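J.: The structure is given below, and queries will be raised subsequently.
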Amino acid sequence: MTGKRIYLDWNATAPLRPEAKAAMVEAWDLVGNPSSVHSEGRSARRIIEDARAVLAAATGAKPHNVIFTSGGTEANALALMPGLHVSGGDPVMRLIVSSVEHPSVLAGGRFGGTEIVQVPVDRSGVVDVAQLEALLAGKPPALVSVMLANNETGAIQPIACIASIVHAAGGLLHVDAVQALGRIPIDLSGLEVDLLTVSAHKIGGPKGVGALVMADGLSGLVPLIAGGGQEKRRRAGTENVPGIAGFGAAVKAAMATSEEAQTRMEALRNRLESGLRATDGGVVIFSEGAPRLANTTLFSRPEMRAETAIIAFDLEGVAVSSGSACSSGKVQASHVLAAMGVEPALAQGALRLSLGWDTTEKDIEGALKAWRKLAGVLGKERQTVA
Ligand code: PLP
């Protein structure tokens, strides 16, 4: 393989945006602790508050309700706790999560194992709202956690509808919007979401920074990390000033170009999917029937194995991933596809190609070239077996 590599794994992480890098470099030169009252401290504080305002505007929230964390995982762990309530309302006592959530939500935060139940999804990966209603009815108030967009399939959940069902039953709604930020509009107050998780590194900010965004009037949040009074006593520890600066700059850049970037990406994604199918009629694209992020394709075909396919793409200079997390370097079966009722034989081959703001037509053609080569090999294997 010669030439430039093709990066099609943006849902795992995005390259650092130049705007984010510049903001971080500038912040690294600031000496002050943002909690200090002197001029140096106030300069560092200003950076954090500017980023908070940007994030609040991007999510339809109030700045004082944005809590910076070390990432999406920590924000999810912070949000998922018994005892949260709106003023005058009963505290939530149990947790309902969709079966396609990120592992950091499935882990359940501070709820005990017996207090957590899963709500199923349909074959497209969309939450079964009738089942959710049944799980909520006649029981103590629940915190419900449903993601806005799925990291594997890109499927978008009907959050406004889910919010009204949850609130009618006296519950609260947490939404993991890590994959949605910068890709589709997010409006915490318009959607009537109570808690929302975001992360910097999926939109071109640095890794290791995220935020939990709350609605006005929500009470009962107990910090995961206690100590100093930072983040209005909701998350102790000196703030990651350069990281937060990079997060704010990345959000600003993503918001400025979001709509045109998504239109362009959708055209590229459609070209990709028609090319995958033109080469191999056995290709199955998951969540195709649901509203989906414009940048994500999760597909498989019979007899494909994700581990081998990822390596084959890699050798051709193309970075792709399996749908499932492979945090230990080993591809595991996707709980998302299992929840959607996909047969294990097909799920084992699932490959995710996810695009970003600087993906080009040439990148897509390069990926399709690699696919033609791989599909040819798979086709020959099939003939040999037959
Ligand atoms: N939620 C979703 C949907 C994700 O895709 C991810 C990251 O893969 C996370 C949460 C975790 O975010 P972070 O990597 O910032 O901890």
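J.: Calculate the spin-label point distance for R305 paired with E260, positioning each point 7 Å from the Cα along the beta-carbon direction, and give it in nanometres.
T.: Computed distance between label sites E260 and R305 equals 4.6 nm.
J.: Return the FRET efficiency for the residue pair M93, D216: r is the Cβ-Cβ distance, R0 is 30 Å, and the value is rounded to the nearest 0.05.
T.: Using R0 = 30 Å, I get an efficiency of 0.85.
J.: Let me have the 222 nm mean residue ellipticity of the chain computed from DSSP H runs of 4+ only, each contributing -39500 (n - 2.57), with the sum over all residues rounded to the nearest 500.
T.: -12000 deg cm²/dmol
J.: Could I ask something else about it? Can you give the accessible area per residue of the chain, in Å², using a 1.4 Å probe?
T.: Here the residues of the chain average 42 Å² of exposed surface.
J.: Further question: For the range 117-149 and the range 172-244, what is the separation of their Cα centres, given in Å?
T.: Here the answer is 22 Å between Cα centres.
J.: Here's another thing I want to ask about it. Hey, which of these cross-link pairs are over 18 Å Cα-Cα: K21/K62; K252/K362; K202/K252; K21/K202?
T.: Among K21/K62; K252/K362; K202/K252; K21/K202, the Cα-Cα distance tops 18 Å for K21/K62; K252/K362.
J.: Separate question: Check S322: other-chain or 5+ apart residues with amide H under 5 Å from its amide H, H built from backbone geometry?
T.: R352
J.: Report the Stokes-Einstein translational diffusion coefficient (µm² s⁻¹, integer) for the chain, Rh taken as the Kirkwood radius over Cα pairs, at 20 °C with viscosity 1.002 mPa s.
T.: The diffusion coefficient I find is 99 µm²/s.
J.: Provide the net charge surrounding L136, with neighbours chosen by a C-beta distance below 15 Å and charges set as Lys +1, Arg +1, Asp -1, Glu -1.
T.: Summing Lys/Arg as +1 and Asp/Glu as -1 gives -3.
J.: Ok, one more. Per-residue accessible area for R301 at 1.4 Å probe radius, Å² rounded to 10?
T.: Answer for R301: close to 10 Å² accessible.
J.: Related question: For the range 1-33 and the range 34-97, compute the distance between their C-alpha centroids and round to whole Å.
T.: 23
J.: Can you pull the accessible area of D358 for me, 1.4 Å probe, Å² to the nearest 10?
T.: 90
J.: Compute, for R123, the solvent-accessible surface of its heavy atoms (probe 1.4 Å) with the complete set of protein chains present, and express it in square angstrom to the nearest 10.
T.: Approximately 150 Å² for this residue.
J.: Would you mind telling me the share, in percent, of accessible area of the chain contributed by carbon and sulfur at probe 1.4 angstrom?
T.: 57
J.: Towards the positive end of the charge dipole of the chain, with charges on Cβ (+1 Lys, Arg; -1 Asp, Glu), say which of T197, I186, A44 has the farthest Cα.
T.: Positive-end residue among those listed: A44.
J.: I'd like to compare 132-138, 94-100, 310-316: which one has the highest average count of other Cβ atoms within 10 Å, and what's the full order after that?
T.: 94-100, 310-316, 132-138
J.: In what sequence, largest accessible area first, do H201, H64, H174 appear using a 1.4 Å probe?
T.: Listed by decreasing accessible area, they come as H64, H201, H174.
The values are calculated or read from the model by the stated rules, or taken from the named source; none is laboratory data. Note that the structure is a prediction, hence the values are computed from the model and not measured. Glycine gets a Cβ as well: all are built from the backbone with ideal geometry, and neighbour counts include every protein chain shown. Side chains included, ligands, DNA and RNA excluded: accessible areas come from the protein's heavy atoms. Shrake-Rupley method; radii C 1.70, N 1.55, O 1.52, S 1.80 Å.
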